[in-house]
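Below is one structure, written out as structure tokens; the observations come after it.
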Amino acid sequence: MLTSRNGWEEESTIRAPWYDVMQSVQNKYPNPHNNNVLNIDVVNRSVDPNSGVMHSLRLFNSCWSNFTHMDRIKGLEWSAIDVRRKQMVAVTHNLDLRGMLKAVEHMEYSVHPENSQWYV
């Protein structure tokens, strides 16, 4: 079992309108190019009446049939979308096999500092 923390960070510039970026993020799974994610269930979704930020909690059900011990894996994603500031944060954790592997995906989208029509 690994006892150290391993990870990486990657930054990209997305040259697309905010609406397209957010629609792509929200609809990335399931899709025909990655059939491992079977479905996504919205557990909770609310909009903060003061800030206008939309908070979502979603359950991911996936099937990784090429790994014998990892046939079905569930993940939980929390996200917050701030339309006024054009920012999004999403954090996803695996729920299964946490004794062997803890996977965390942290994504942030915000306006590019040099071009307000781009996002990083």
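For residue 20, the conditions (1) in a loop (DSSP other than H, G, I, E, B); (2) modelled with pLDDT of 90 or more; (3) acidic (Asp, Glu) all hold with the exception of (1). Pairs meeting the criteria (first residue in the stretch 32-55 and on the phi > 0 side of the Ramachandran plot and at pLDDT 95 or above, second residue not hydroxyl-bearing (Ser, Thr, Tyr) and not in a loop (DSSP other than H, G, I, E, B), beta carbons under 9 Å, at least 6 apart or on different chains) are 52/82. Of all residues in the stretch 106-120, those satisfying the criterion of being at pLDDT 90 or above and in a strand (DSSP E or B) are 106, 107, 108, 109, 111. Given the structure, is residue 116 out of contact with any Cys (no Cβ under 6 Å at 6 or more places or on another chain), within 21 Å of residue 18 (Cα to Cα) and surrounded by fewer than 12 Cβ atoms within 10 Å (Cβ to Cβ)? It is true that residue 116 is out of contact with any Cys (no Cβ under 6 Å at 6 or more places or on another chain), within 21 Å of residue 18 (Cα to Cα) and surrounded by fewer than 12 Cβ atoms within 10 Å (Cβ to Cβ). Can you say whether residue 25 is within 22 Å of residue 14 (Cα to Cα) and in a helix (DSSP H, G or I), as far as the supplied structure shows? Yes.
Here's the yes/no breakdown for (1) surrounded by fewer than 12 Cβ atoms within 10 Å (Cβ to Cβ); (2) modelled with pLDDT under 85; (3) out of contact with any Pro (no Cβ under 7 Å at 6 or more places or on another chain):
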residue: 59; (1), (2), (3): no, no, yes
residue: 73; (1), (2), (3): no, yes, yes
residue: 85; (1), (2), (3): no, no, yes
residue: 92; (1), (2), (3): no, no, yes
residue: 98; (1), (2), (3): yes, yes, yes
residue: 104; (1), (2), (3): yes, no, yes
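Answer yes if at least one residue in the stretch 85-96 is over 21 Å from residue 8 (Cβ atoms), out of contact with any Lys or Arg (no Cβ under 6 Å at 6 or more places or on another chain) and among the aliphatic types (A, V, I, L, M), and no otherwise.
no
The values are calculated or read from the model by the stated rules, or taken from the named source; none is laboratory data. This is a predicted model, so every value here is computed, not measured. When we count neighbours, we look across all protein chains shown, and the Cβ atoms used for this are built from the backbone with ideal geometry, even at glycine.
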